[in-house]
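Scroll down for the structure; my scribbles are underneath it.
Here, each number is a calculation from the coordinates, and none is a lab measurement. Since the model is a prediction, treat every value here as computed from it, not as a measurement. Cβ placement follows ideal geometry from the backbone for every residue including glycine, while neighbour counts extend to all protein chains displayed.
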There are 2 protein chains.
Amino acid sequence: MNTISIEDHNALVQAAYQARGYLAEEARDAAEMCAAATWHGNNTHNALKALHLDDLFGSKAGGCTPGAEIEVIQNRFSAAETWNAHKKLGQSVAIQAFNRAIELADRHGVGIVSVDNCFHYLWGGGYVIDAAKRGYIAYTNCTSSLAEVVPFGGKSPTLGTNPHSWGLPTQDAIGFPLCVDWATSTCAMGRVQQLKREGKQLPPMAAVDHEGNPTQDPNEVAALLPFGAHKGYGLSLINELIGAFIGGSLPSHRGRALPDQNEKNSTSFFFQIIHPEAISAGNFAMGRNQTKNLKAVIENILGPGNENAILPGQLEAQAANRSKQAGGLIFSDAELSELNNLASQLGMQPLNTGSLLSQ
Amino acid sequence: MNTISIEDHNALVQAAYQARGYLAEEARDAAEMCAAATWHGNNTHNALKALHLDDLFGSKAGGCTPGAEIEVIQNRFSAAETWNAHKKLGQSVAIQAFNRAIELADRHGVGIVSVDNCFHYLWGGGYVIDAAKRGYIAYTNCTSSLAEVVPFGGKSPTLGTNPHSWGLPTQDAIGFPLCVDWATSTCAMGRVQQLKREGKQLPPMAAVDHEGNPTQDPNEVAALLPFGAHKGYGLSLINELIGAFIGGSLPSHRGRALPDQNEKNSTSFFFQIIHPEAISAGNFAMGRNQTKNLKAVIENILGPGNENAILPGQLEAQAANRSKQAGGLIFSDAELSELNNLASQLGMQPLNTGSLLSQ
């Protein structure tokens with residue numbers, strides 16, 4: 001493994017985004033969210049993935065418009081804003097949307113920002129962890145770029161992997177914010193590719209073949225299944241319908257070339273912040289305050305017999321501690337090699353991995 | 001099957017609640033929500049279950065206080081209220097909380113009501129379907145009365161079956177409101193009892209034995225497992241933590257006799273309403289309005305290959321149509337017999353099943 005300073009990483013990623021036409025502040029937002037993913041041990045949504053998404057669906061494919069300006073749509077509601085992102089870079093939109101939702105929640109107790117005409121925001125967990133660290137209960141869902149998931153009882157993929165991400169400000173109680181963050185498919189298509197390379201089988205009820213029949217053979221996989229049967233299906237539908245209320249169009253068109261220029265192929269984002277004081281009734285048992293009550297409840301859940309259970313967000317927090325100890329972002333040799341290829345293409349020096357704390 | 005008029009059903013259920021000391025309006029709320037469950041084909045959360053819950057945990061066990069008054073806790077936030085329900089009947093609290101959340105959402109776009117010291121509200125689906133029919137996006141979660149579910153990776157039950165319920169106002173688009181409504185356990189303890197009676201096995205990874213090992217034998221079941229492994233576990237934790245922010249105490253104490261009178265054993269409720277106009281960016285493809293866009297998205301999801309997929313809320317809507325055609329609430333012979341036993345205990349005439357439309 002190799003450790004790279006956040007500064008060096010961000011300089012490289014910013015340069016890569018600016019070379020694609022993005023504004024300096026967009027490139028900065030993109031680099032910061034890539035760094036946040038790697039800092040928290042997420043190697044499926046790092047800088048390499050972000051740039052790959054931009055190739056597949058983004059500035060190179062017309063799905064994302066560098067320099068686009070967010071338009072705030074006027075409405076009569078004081079705690080709920082709607083925006084037209086005009087396909088601005090997803091990371092910039094998500095950062096601004098959560099900042100605005102926090103302002104609304106500071107005043108109203110709850111604030112929501114719904115965004116139309118979006119492009120991929122990379123990793124929902126990064127934003128909700130950040131908002132939770134700032135003391136807020138955060139939630140986001142979005143529609144995914146491609147329809148890869150089959151509705152429960154169906155055979156044809158017409159749903160995105162549609163993720164949900166919740167962040168809860170538990171750091172004063174247990175040392176880190178809880179983060180519940182996952183796609184509504186049993187696994188990702190990237191995982192299917194990985195199992196194919198490794199010659200391994202999928203878990204049961206994770207995917208279907210071209211006939212719509214369940215398969216565990218990664219070579220036969222045509223589409224994914226929702227996790228938890230009808231329950232995960234319901235959670236995936238929520239993103240599609242919230243997206244449809246906002247302005248998103250047909251799932252089968254998303255991320256694809258359009259048959260008609262009056263159609264849309266963009267994703268939709270939903271962001272919500274709740275101020276923890278706005279849901280406190282103030283009447284905690286045993287003289288506890290809200291933080292001590294959270295701590296007591298979590299300790300009760302992880303009590304005798306449950307020592308091996310972990311909390312969602314715990315692995316991310318452990319990875320963040322490893323990054324902190326290493327003094328920077330940790331990449332594998334293969335990842336470092338790809339990043340240095342990128343540096344070379346941009347006319348930059350190879351990344352420095354020598355001046356950091358040892359692991 | 002037998003059909004009973006809503007009026008006769010409600011008169012009986014109201015009398016039963018009033019005989020337990022509940023106020024007339026509490027008894028009316030209870031009867032209406034029992035009727036709503038049966039109307040929508042839900043025979044696990046009907047009047048018989050509601051009265052059974054009141055026996056086990058409610059007015060007969062000190063968990064619910066007839067005639068209790070809701071206290072609104074003052075806070076500085078305009079779109080978020082917190083209440084102390086003082087163990088008032090859950091159905092009355094939930095009806096009032098959603099009414100208040102709707103008023104808040106009409107003004108602010110989103111409104112939340114968080115409630116401490118609660119007693120079971122029976123069936124979350126009933127409230128969100130009602131709010132959706134009134135045109136709102138509704139959501140509720142609560143902590144369950146008993147800790148019956150084992151955290152993912154653990155062996156001991158320290159989580160409730162903690163349900164989530166979402167209602168979406170899709171009736172103008174597709175004829176009925178979508179309702180995503182389920183517990184975060186793979187199945188309910190009542191289902192385990194039913195399988196035991198029938199001599200059948202549980203599905204895999206639904207329950208554990210006294211050693212904390214997974215079992216499919218209903219006779220060996222000591223506790224339930226979350227649905228969807230770590231994903232359902234995360235969803236269950238959200239209810240516990242929202243409950244802990246509100247004022248709920250240790251899950252292992254809920255619904256049980258308390259070791260200390262400074263402890264709490266009550267549940268917590270969270271209610272949220274979003275006004276659909278507050279999340280519309282107004283920029284729908286192909287000249288559609290919001291309703292037509294919802295319809296187009298849902299038709300796309302259920303397109304070719306997915307004719308056999310059903311939407312969450314569809315079964316409830318079909319049951320409601322059957323109730324409407326029958327002209328009342330449909331009960332099995334066994335259920336009718338239990339209801340008539342109740343009538344007899346209350347000195348009331350047996351229920352009239354003769355004057356309604358034929359099925």
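Summary of values
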item: Selected from B:Gln201, B:Asn213, B:Trp182, residue furthest toward positive end of dipole (region B:172-280; charges at beta carbon); result: B:Gln201
item: Sequence-distant residues sharing a close amide H with B:Lys264 (under 5 Å, placed H); result: B:Leu250
item: Test item: Cα-centred dipole of region B:254-359, Lys/Arg +1 and Asp/Glu -1 on Cβ, debye; result: 320 debye
item: Cβ-based charge dipole, the protein assembly as shown, positive-most Cα from A:Gln74, B:Asn141, A:Ala97; result: A:Gln74
item: Translational diffusion coefficient (Stokes-Einstein; Kirkwood radius from C-alpha pairs) of region A:279-359 at 4 °C, 1.567 mPa s, in µm²/s; result: 76 µm²/s
item: Cut-off under 5 Å, modelled amide H: who pairs with A:Thr82 long-range; result: A:Ile73, A:Ser114
item: Positive minus negative residues near B:Gln14 (Lys, Arg vs Asp, Glu; Cβ under 13 Å); result: -4
item: Cα-based Rg / Dmax (Å) for region A:140-184; result: 15.0, 46
item: FRET efficiency, B:Asn219 to B:Asn321 (Cβ-Cβ, R0 41 Å, nearest 0.05); result: 0.60
item: Cα-projected label distance for B:Ser332 with B:Gln314, points at 7 Å along beta-carbon direction, nm; result: 2.5 nm
item: Cα-based radius of gyration of region A:1-43 once divided by 2.2 N^0.38 Å, which approximates compact folds; result: 1.13
item: Whole-number D in µm² s⁻¹ for region A:12-65, Kirkwood Cα-pair radius fed into Stokes-Einstein, 20 °C, 1.002 mPa s; result: 194 µm²/s
item: Theoretical ellipticity at 222 nm over the protein assembly as shown - DSSP helices of four or more residues, -39500 (n - 2.57) apiece, nearest 500; result: -12000 deg cm²/dmol
item: Among A:255-265, A:172-182, the order from most to least packed when residues are scored by Cβ within 10 Å on average; result: A:172-182, A:255-265
item: Per-peptide average of other Cβ atoms within 10 Å, ordering B:184-191, A:157-164 highest first; result: A:157-164, B:184-191
item: Shielding by partners, peptide B:75-87 (average Cβ within 10 angstrom, other chains); result: 6
item: Packing-based order for A:85-91, A:268-274, A:340-346, using average beta carbon neighbours within 10 Å, highest first; result: A:268-274, A:85-91, A:340-346
item: Peptide-level mean, for A:150-162, of C-beta atoms on other protein chains within 10 Å; result: 5
item: Over region A:8-137, equivalent-ellipsoid semi-axes from the Cα gyration tensor in Å; result: 25, 18, 11
item: Relative contact order (%) - criterion: Cα under 8 Å, at least six apart; region: chain B; result: 21 percent
item: Region B:131-174 versus region B:297-351: alpha-carbon centroid distance in Å; result: 20 Å
item: Simple spin-label estimate for A:Met286 and A:Arg197 in nanometres, 7 Å along Cα-Cβ; result: 4.9 nm
item: Check: region A:7-63 dipole with +1 on Lys, Arg Cβ and -1 on Asp, Glu Cβ, in debye; result: 200 debye
item: Isotropic mean projected area of the C-alpha convex hull, region A:60-162 (nm²); result: 8.1 nm²
item: Cβ-based net charge around A:His52, under 11 Å, with every Lys or Arg adding one and every Asp or Glu removing one; result: -1
item: Local electrostatic count, B:Arg197, Cβ distance below 14 Å [Lys/Arg +1, Asp/Glu -1]; result: +1
item: Gain in span if fully extended, B:Ser5 to B:Glu69, counting 0.36 nm per residue against the direct Cα distance; result: 19.9 nm
item: Other-chain or far-sequence residues with amide H under 5 Å of B:Ala223's (modelled H); result: B:Val208
item: Rg/Rh (Cα only; Kirkwood hydrodynamic radius) as it applies to region B:53-100; result: 1.06
item: Among the listed pairs A:Lys196/A:Lys264; A:Lys60/A:Lys133; A:Lys292/B:Lys60; A:Lys295/B:Lys264; A:Lys133/A:Lys200, those beyond 27 Å (Cα-Cα); result: A:Lys196/A:Lys264; A:Lys60/A:Lys133; A:Lys292/B:Lys60; A:Lys133/A:Lys200
item: Region B:45-195: relative contact order in percent, alpha carbon pairs under 8 Å with at least 6 residues between; result: 16 percent
item: Calculated P(r) of region A:85-227 - Cα pairs past 22 Å, %; result: 49 percent
item: For region B:165-310, size of Cβ-based charge dipole, Lys and Arg +1, Asp and Glu -1, in debye; result: 240 debye
item: The protein assembly as shown pair-distance distribution - Cα-Cα, 20 Å bins, rounded %; result: 17, 51, 28, 4, 0
item: Alpha-carbon centroid distance for the pair region A:67-105 / region A:268-285, whole angstrom; result: 20 Å
item: Principal axis dimensions, region A:157-298 - Cα atoms, whole angstrom, descending; result: 60, 43, 24
item: Angstrom value of the Kirkwood radius, inverse mean 1/r, which spans all Cα pairs in region B:226-287; result: 15.0 Å
item: Average beta carbon contacts from partner chains per residue of B:102-110, 10 Å cutoff; result: 6
item: Hull-based mean projected area of region A:140-223, where the convex hull spans the alpha carbons, in square nanometres; result: 6.9 nm²
item: Tail weight of P(r) past 39 Å, computed on alpha-carbon pairs of chain A, percent; result: 16 percent
item: Length-normalised contact order of region B:217-359 in % [C-alpha pairs under 8 Å, at least 6 apart]; result: 11 percent
item: Percent of Cα pairs exceeding the 22 Å cut-off, where the set is region B:218-336; result: 70 percent
